[in-house]
1. If you average the C-alpha positions of region B:22-68 and of region A:1-77 separately, how far apart do those two centres end up, in angstrom?
2. Given a cut-off of 14 Å, what percent of all Cα-Cα pairs of region B:1-84 lie beyond it?
3. Give the calculated FRET efficiency between B:His106 and B:Met129 to the nearest 0.05, with a Förster radius of 30 Å applied to their Cβ-Cβ distance.
4. Placing unit charges on C-beta atoms (Lys and Arg positive, Asp and Glu negative, everything else neutral), compute the dipole magnitude of region A:91-139 about its Cα centre in debye, rounded to 20.
5. When Cβ neighbours within 10 Å are restricted to other protein chains, what is their mean count per residue of peptide B:31-37?
6. Considering only the other residues whose Cβ falls under 10 Å of the Cβ of B:Ser14, what net charge follows from Lys and Arg at +1 and Asp and Glu at -1?
7. At a probe radius of 1.4 Å, what is the per-residue accessible area of A:Arg83, in Å² to the nearest 10?
8. At B:Leu44, with labels set 7 Å past Cα in the Cβ direction, how many nm apart are the copies from this one, shortest first?
Protein chains: 2
Amino acid sequence: MKKKIAFRSTCPISTMLDITGDKWSLLIVRDLAFKGKNTYGDFLKAGEGIATNVLADKLTQLEIGGIVTKERHPQSKAKVLYRLTKKGIDLIPALVEIILWSEKYHHVHEQAVSFAWQVRRDKIGMTKMLMDGAKKIEL
Amino acid sequence: MKKKIAFRSTCPISTMLDITGDKWSLLIVRDLAFKGKNTYGDFLKAGEGIATNVLADKLTQLEIGGIVTKERHPQSKAKVLYRLTKKGIDLIPALVEIILWSEKYHHVHEQAVSFAWQVRRDKIGMTKMLMDGAKKIEL
DNA sequence: TGATCTACTTGTAAAAAGCAAGTGCTTTGG
DNA sequence: CCAAAGCACTTGCTTTTTACAAGTAGATCA
């Protein structure tokens, strides 16, 4: 029952929103990119409390959108390993700007902010650290 | 019937999504920031075809979120002038990263991309141009 | 003054999100 | 080796949001 994405226009912002424009998709990307989470259960247990059917739906949407892949988990046959694609990793600069914006107008973790500045300064290096799971950050 | 925003967590990304996390809000910001649109009718006529009741709802949401203000229109009593607040203008860097991301993976206007790079390079100057209405860009 | 413009509101149907429970493999512990 | 628990979902139902169509009230135009 995989419904494909309907693009409303060729506007780049509209295009992005057609893939990730809801209250949950970018939180999944956040968990993958910044928090070292990569299983269904990990996402379910994340602070905001996504409903299980909604999570399933968003994950397949993100897969169709080319943002994540489902793979067999190296440690367990019962688990599924979710990973960001290159396209997904390339969302990090946008997420970083979002973090910096939120920091400016809402109260958020200091750690998140200094980290965001680091990523902004050295995108490649920090992204690599993130992807290796060497760095996890509390958001 | 102005319903206030419910924040799901203190995560900066989640916080931003609680205000603008849907398929329409950022398109309104786009129209204000890049296209020199500033009335209800302008937004309605924008390419993606937002429903009138949804537009009304999103506009009050954005107002509550501190992103836009409603003001009396200098040319006509029948019109309302919508404008980005500082907080709204500060969303531009995030929009720029979104534009660059979309360009990389989807087909979008060349003009939009070179413009995005310009804003990224000279944020202050380009933002000023945009806000003065001196620059309009086709997205 | 009547038609048109502008910014909405109202009503209803369709779609998406939220909630609770269940299914079917897989792993674990005795 | 078997029962219980873990894991990744699915199913059914309710509530909320979005979409579509029509209508309203004040301002402007001809």
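The values are calculated or read from the model by the stated rules, or taken from the named source; none is laboratory data. The model shown is predicted, which means the values in this text are computed figures rather than measured ones. Here the Cβ is made from the backbone with ideal geometry for all residues, glycine too, and neighbour counts use every protein chain on show. All accessible areas refer to the heavy atoms of the entire protein, side chains included, with ligands and DNA or RNA removed. Shrake-Rupley method; radii C 1.70, N 1.55, O 1.52, S 1.80 Å.
1. Here the two parts' Cα centres lie 25 Å apart.
2. That fraction is 63 percent.
3. Efficiency, rounded to the nearest 0.05: 0.70.
4. Dipole size: approximately 160 debye.
5. If you average over the peptide's residues, the count of other-chain Cβ atoms is 1.
6. Net local charge, B:Ser14 excluded: +1.
7. Only protein atoms counted, so the area is about 120 Å².
8. From this label point to the equivalent ones elsewhere in the assembly: 4.6 nm.
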